1. Tell me which residues, restricted to region 42-63, are in contact (Cβ under 8 Å) with a residue 60 or more places away in the chain and either open to solvent by 60 Å² or more (accessible area, probe 1.4 Å) or in a helix (DSSP H, G or I) (or both).
2. Which pairs turn up if I take residues in region 119-145 that are in a loop (DSSP other than H, G, I, E, B) and look for partners that are of a type in the set (Val, Ile, Thr) and surrounded by fewer than 19 Cβ atoms within 10 Å (Cβ to Cβ) with beta carbon separation below 6 Å, at least 6 apart in sequence or on another chain?
3. Filter region 83-108 for residues that are surrounded by fewer than 17 Cβ atoms within 10 Å (Cβ to Cβ) and of a type in the set (A, V, I, L, M, F, W, C) and give the result.
4. Filter region 1-20 for residues that are touching a Lys or Arg at 6+ places or on another chain (Cβ under 8 Å), within 12 Å of the ligand (Cβ to nearest atom) and over 15 Å from Thr122 (Cβ atoms) and give the result.
5. Collect the residues in region 127-136 that are of a type outside the set (A, V, I, L, M, F, W, C) and surrounded by 14 or more Cβ atoms within 10 Å (Cβ to Cβ), keeping them in residue-number order.
6. Taking region 172-216, which residues are surrounded by 15 or more Cβ atoms within 10 Å (Cβ to Cβ) and over 26 Å from Ser51 (Cα atoms)?
7. Select from region 146-166 the residues that are of a type outside the set (Phe, Trp, Tyr), out of contact with any strand residue (DSSP E or B) (no Cβ under 7 Å at 6 or more places or on another chain) and part of a loop (DSSP other than H, G, I, E, B) and list them in ascending order.
Amino acid sequence: MKNYKTLFFDVDDTLLDFGAAEKIALQLLFAEQNIPHTPEMEAKYQGINQSHWKRFEQGELDRDEVVNTRFSILFNDYEKEVDGTLLEKKYRSYLEQGNQLVNGAFELITELQSDYDLYVVTNGVSKTQYKRLLDSGLYPLFKGIFVSEDTGFQKPMKEFFDYVFARIPHFEVEQALIIGDSLSADIKGGELAGLDTCWFNPKMKPNHSNINPTYQIHKLEELKQIVTEKMGAY
Ligand SMILES: [Mg+2]
């Protein structure tokens, strides 16, 4: 019978409410560009952005290609020629300010950090993720932060997890669990790396993929039961 010792947490939409930060950042960016922030515009941006990050997960685009072209493609559709890299920079400065916590995240992490080794595993831009983690108060509760940009790989790539595991003293994969909201990045990544996985699915989305999480939770606090039951069973 095993006992979890190391817990890996995704950040966006697992601990920090990325949707809230993104919405505000887009509003500010569009206002600055004198483009009305309509639901249609937002949906268009989401379509471009999601397909870009999916291609990033599949290794088709690198990070710079993802972030530096998403706004030029979007504004092109509105016959507005913009410098994608410059707009990305502005957007990022707005996004960095977003550190709204997911419900129960701070309480959960505070409670778990005395009994478990907690690590962040996040795909994203290093400077942004560090700032948001610091401003939210979560940063000091983690033993380590691993951002894809610094590792040269990203979830779900096995190389990303190899990089992480190699930097944790006395790491045992059998005693580790990854918690995240993304089936394609967090849960698939955990599977490839040989970890137990916990899918945080607050909107109760159906799982039409062939990815099978070890556990599924709808509220963050449910995680406590999973890890402490394991402890009790030991
Ligand atoms: Mg996420």
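The values are calculated or read from the model by the stated rules, or taken from the named source; none is laboratory data. Since the structure is predicted, the reported quantities are computational estimates derived from the model, not experimental observations. Every residue, glycine as well, gets a Cβ built from its backbone with ideal geometry; the counts of neighbours run over all protein chains shown. Each accessible area value is taken on the protein alone, full model and side chains, heavy atoms only, with ligands, DNA and RNA left out. Shrake-Rupley method; radii C 1.70, N 1.55, O 1.52, S 1.80 Å.
1. Within region 42-63, Trp53, Lys54, Phe56, Glu57, Arg63 meet the criteria.
2. Pairs found: none.
3. Leu86, Phe106, listed by residue number.
4. Answer for region 1-20, where residues must be touching a Lys or Arg at 6+ places or on another chain (Cβ under 8 Å), within 12 Å of the ligand (Cβ to nearest atom) and over 15 Å from Thr122 (Cβ atoms): there is none.
5. Selection gives Thr128, Gln129, Tyr130, Lys131, Arg132, Asp135, Ser136.
6. Gln175, Ala176, Leu177, Leu195, Asp196, Thr214, Tyr215 - these are the residues of region 172-216 that are surrounded by 15 or more Cβ atoms within 10 Å (Cβ to Cβ) and over 26 Å from Ser51 (Cα atoms).
7. Selection gives Gly152, Gln154, Pro156, Met157.
Each row is one residue, and each column tells you yes or no for (1) at pLDDT below 95; (2) over 21 Å from the mean Cα position of the chain (by Cα); (3) within 17 Å of Ile73 (Cβ to Cβ).
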{"residue": "Met1", "(1), (2), (3)": "yes, yes, no"}
{"residue": "Thr14", "(1), (2), (3)": "no, no, no"}
{"residue": "Asp17", "(1), (2), (3)": "no, no, no"}
{"residue": "Gln33", "(1), (2), (3)": "yes, yes, yes"}
